[in-house]
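Student: I have a structure here, written as structure tokens, and I will follow up with some questions on it.
The values are calculated or read from the model by the stated rules, or taken from the named source; none is laboratory data. Computed from a predicted model, the values in this text were never measured in an experiment. Cβ sites come from the backbone with ideal geometry, for glycine too, and all protein chains shown count toward neighbours. Remember, those area values only see protein heavy atoms, side chains included, never the ligands or the DNA or RNA. Shrake-Rupley method; radii C 1.70, N 1.55, O 1.52, S 1.80 Å.
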Amino acid sequence: TEKVPAKRRPRRARKAKVEEAEGAPKSEAKVDAKVEAKADAKAEAKPEAAARKPRVRAKKPEDGPASETVAYVGNLPFATTDDELSALFAGFSIASARIVTNKKSSRSKGYGFVTFASHGDQTNAIAKFSAEPLVVADRPLNIKAALSESPVDSADAKTVA
């Protein structure tokens, strides 16, 4: 006496549910009318919500003017130190060289800043290294004038200078 699995009845298609008792399909207009009626009933049940305001994205701060004595040096190897960075610019008179590091891990972020003694030294260094890119550890360095973090108003510049 082996048990024979019971045969499953085939599922009826949804179309069969839509058909009328006579067997003729309902018109699309009747189906659409029912859908609209349900939507209207839901809308009446919920109180009208205030119109949503569109999201306003924060604007990026505009870059300020280029510095006359500070140069940005990007794509540095992560093992580069401040002394190695200043050695790269030994042919120019520099006031300081600083690698930007992560505050928590003290690891280099891969870029730094070199402060030159004069505007002429900065422009000469940028011109020299844009003509002949400086390569350190198979990485071509990106050297350009540093931009200030916030734009300077012309009224402030006149009073400070």
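Student: If you take the residues in the stretch 113-142 that are of a type in the set (D, E) and assigned to a loop (DSSP other than H, G, I, E, B), which one is nearest to F78 (Cα to Cα)?
Tutor: D138
Student: Which number in (1) in contact with a Lys or Arg (Cβ under 9 Å, 6 or more places away or on another chain); (2) surrounded by 13 or more Cβ atoms within 10 Å (Cβ to Cβ) marks the one condition that N102 misses?
Tutor: (2)
Student: Looking only at the stretch 44-57, count every residue that is open to solvent by 100 Å² or more (accessible area, probe 1.4 Å) and at pLDDT 65 or above and tell me the total.
Tutor: Counting residues in the stretch 44-57 that are open to solvent by 100 Å² or more (accessible area, probe 1.4 Å) and at pLDDT 65 or above gives 6.
Student: Would you say A90 is of a type in the set (A, V, I, L, M, F, W, C), part of a loop (DSSP other than H, G, I, E, B) and open to solvent by 70 Å² or more (accessible area, probe 1.4 Å)?
Tutor: When the stated conditions are applied, A90 passes them.
Student: Here is a further query. Yes or no: K60 exposed (fewer than 11 other Cβ atoms within 10 Å of the Cβ), more than 25 Å from G120 (Cα to Cα), at pLDDT below 90 and of a type outside the set (S, T, N, Q)?
Tutor: Yes, satisfied.
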